[in-house]
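Asks: Right, I'll just put the structure down here and ask away after.
The values are calculated or read from the model by the stated rules, or taken from the named source; none is laboratory data. None of these values were measured; they are calculated from a predicted model. Note that each Cβ is placed from the backbone with ideal geometry, even for glycine, and that neighbours are counted across all protein chains shown. SASA here: full protein model, heavy atoms, side chains in, ligands and nucleic acids out. Shrake-Rupley method; radii C 1.70, N 1.55, O 1.52, S 1.80 Å.
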Amino acid sequence: MGQTTSTALITSRRDSNLSSQRSKPKFTDPIIPMQVEEQTEYVLVEAPDYISDLPDECLACIFQSLSSRDRKSCSLVCRRWLRIEGQSRHRLSLNAQSDLLPFVSSLFSRFDAVTKLALKCERRSVSIGDEALVAISIRCRNLTRLKLRACREITDAGMAAFAKNCKALKKLSCGSCAFGAKGMNAILDNCASLEDLSVKRLRGITDGATAEPIGPGLAVASLKTICLKELYNGQCFGPLIIGSKNLKTLKLFRCSGDWDKLLQVIADRVTGMVEIHLERLQVSDTGLVAISNCSNLEILHLVKTPECTDIGLVSIAERCRLLRKLHIDGWKAHRIGDDGLMAVAKYCLNLQELVLIGVNPTQISLELIASNCQNLERLALCGSDTVGDVEISCIAAKCVALKKLCIKSCPVSDHGLEALANGCPNLVKVKVKKCRAVTYECADLLRMKRGSLAVNLDSGEPEHQDASASDGGVQENVGEFHSVPNQMPLPSIAPSSTGRSTSFKSRLGLWSGKSFAACTFRGWASGNSSSRG
């Protein structure tokens with residue numbers, strides 16, 4: 001029964017299908033049923049903003065590890081970043097022209113944590129005056145470092161007001177300014193924490209017997225470094241130097257007057273100095289004998305002091321046996337030679353760096369230095385008529401610890417340079433300049449034999465000048481602390497650079513007549529982590 005019923009149903013369905021096919025027209029294309037697509041709704045879920053959850057202190061730490069350009073970009077992101085970037089900035093360099101005054105309030109409302117400030121003005125421009133300096137000092141009472149360059153409109157009164165507001169000052173560097181002894185004394189009387197003082201071309205100091213003495217003041221108890229450059233009457237700083245019992249570094253560059261008598265008093269009162277620079281100064285053996293009273297002396301620079309002879313150097317060597325760095329520019333006076341250098345070799349066994357310019361040592365003194373000074377790591381021999389192949393061969397055989405060697409304008413040939421291939425096992429860098437008997441083939445051979453040795457050769461031929469210039473000519477360090485480039489879109493903030501490339505500056509330094517050895521060792525000493533200082 002079940003089967004009969006199902007068969008009947010199938011038959012009736014077939015009949016109905018046939019009848020419907022006859023009544024409906026045929027279509028060649030198949031009919032596709034319409035499908036209704038369901039619309040999908042997308043919900044945007046915001047990702048968590050982790051940076052917004054960072055505390056201001058963490059964001060400030062991040063900013064401090066960025067470059068100046070990146071910090072400036074970050075300050076444009078949002079108001080919060082602008083505020084934090086300004087409050088976390090401790091260094092600032094401003095173009096100190098007269099039109100800075102209207103911006104002082106807004107600048108230091110944003111940069112309210114500045115502790116290191118540089119105010120620089122172009123020589124042909126009118127600088128800020130007392131009003132701007134006082135306004136800055138009111139807003140920067142925690143200032144610890146100040147650099148003034150060509151701020152000629154600042155007077156003694158402005159410096160006195162500044163000193164009263166910024167008593168935490170630790171470092172002052174001023175150059176080409178017009179204030180005088182009264183302004184400087186105001187700093188010394190109010191800034192009891194002052195440790196570093198650098199003065200260059202201070203125009204307000206009067207010359208002659210009427211000059212007002214500078215110092216001692218409250219700062220004498222804390223001063224550790226005094227640097228005087230190009231002063232007509234630098235000896236008016238005598239009371240300050242003599243009173244600074246804790247002074248460690250004294251640098252005197254191109255200051256007029258006879259310094260022998262003053263150095264005698266200084267060395268008698270201040271015996272703890274470890275570093276002394278004397279450059280183009282009227283000083284003789286009398287001054288050097290006085291300096292030898294500083295038994296802790298470690299660094300001595302005698303640059304173009306033609307009245308100094310072997311007698312003074314022998315006295316230094318005998319009594320300053322901790323000497324580590326010795327720079328002598330004899331200025332072709334031929335007054336310092338083997339006798340003084342042999343005394344250095346005999347008594348200064350801790351010598352690590354020796355620079356001889358315009359001095360004529362022979363094999364006798366160089367061999368003694370090489371044998372006795374076993375810690376000698378850096379050696380420069382420049383403008384010497386007596387340093388030839390024999391002397392270089394002696395250095396190669398004896399200087400075991402030597403790492404860097406500089407030779408300029410000496411009668412050295414390939415034969416002497418070839419001795420370095422098997423000598424000085426710790427040598428890492430050799431610079432040879434204006435030694436015409438040394439060929440590039442010899443330099444290539446030396447590089448091939450000692451693959452790790454850097455050889456820089458400039459024989460003075462025109463076609464090779466550019467190659468050597470890019471490696472030489474380190475710029476002179478005229479700044480006492482690093483300045484910070486432009487950080488605000490205001491006309492009174494100094495730009496980040498002068499627009500000249502580093503390569504151009506290197507070439508300029510090389511051709512400007514600066515000491516090749518001095519520039520070389522200034523860079524070598526800063527990059528040497530193995531030696532002290």
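Asks: When you look at Arg152, is it in a loop (DSSP other than H, G, I, E, B), surrounded by fewer than 21 Cβ atoms within 10 Å (Cβ to Cβ) and among the charged types (D, E, K, R), yes or no?
Replies: yes
Asks: I've got another one for you. Would you check which residues across the stretch 174-198 are surrounded by fewer than 23 Cβ atoms within 10 Å (Cβ to Cβ) and not in a helix (DSSP H, G or I) and list them?
Replies: Within the stretch 174-198, Gly175, Ser176, Ala178, Gly180, Ala192, Ser193, Glu195, Asp196, Ser198 qualify.
Asks: To continue, here is another question. Select from the stretch 324-336 the residues that are in a loop (DSSP other than H, G, I, E, B) and free of Cβ contacts under 8 Å to residues at least 60 places away in the same chain and list them in ascending order.
Replies: The answer is Gly330, Trp331, Lys332, Ala333, His334, Arg335, Ile336.
Asks: Considering only residues that are part of a helix (DSSP H, G or I) and under 23 Å from the mean Cα position of the chain (by Cα), look in the stretch 67-125 and name the one that is nearest to Ala150 (Cα to Cα).
Replies: Ser68
Asks: List the helices (runs of 4 or more DSSP H) inside the stretch 376-449, counting only whole elements, that have at least 3 residues being closer than 22 Å to Leu351 by Cα.
Replies: Ranges flagged: 389-398.
Asks: Next question. Show the residue pairs that are 6+ apart or on different chains and have beta-carbon atoms under 9 Å apart, the first residue being within the stretch 64-90 and under 21 Å from Thr115 (Cβ atoms) and open to solvent by less than 80 Å² (accessible area, probe 1.4 Å), the second being of a type in the set (Asp, Glu) and not in a helix (DSSP H, G or I).
Replies: Cβ pairs passing all conditions: Gly86/Asp112.
Asks: Output yes when any residue across the stretch 238-249 is within 28 Å of the chain's Cα centre (by Cα), small (Gly, Ala, Ser) and crowded, with 16+ Cβ neighbours inside 10 Å, and no when none is.
Replies: Yes, that holds for at least one residue.
Asks: Inside the stretch 295-323, can you point out the residues that are open to solvent by less than 10 Å² (accessible area, probe 1.4 Å), closer than 18 Å to Leu349 by Cβ and not in a helix (DSSP H, G or I)?
Replies: Leu297, Leu300, Cys320, Leu323
Asks: I've got another one for you. Please work out which residue is least open to solvent (accessible area, probe 1.4 Å), limiting yourself to the stretch 155-173 and to residues that are under 27 Å from the mean Cα position of the chain (by Cα) and charged (D, E, K, R).
Replies: Checking each candidate, the answer is Lys171.
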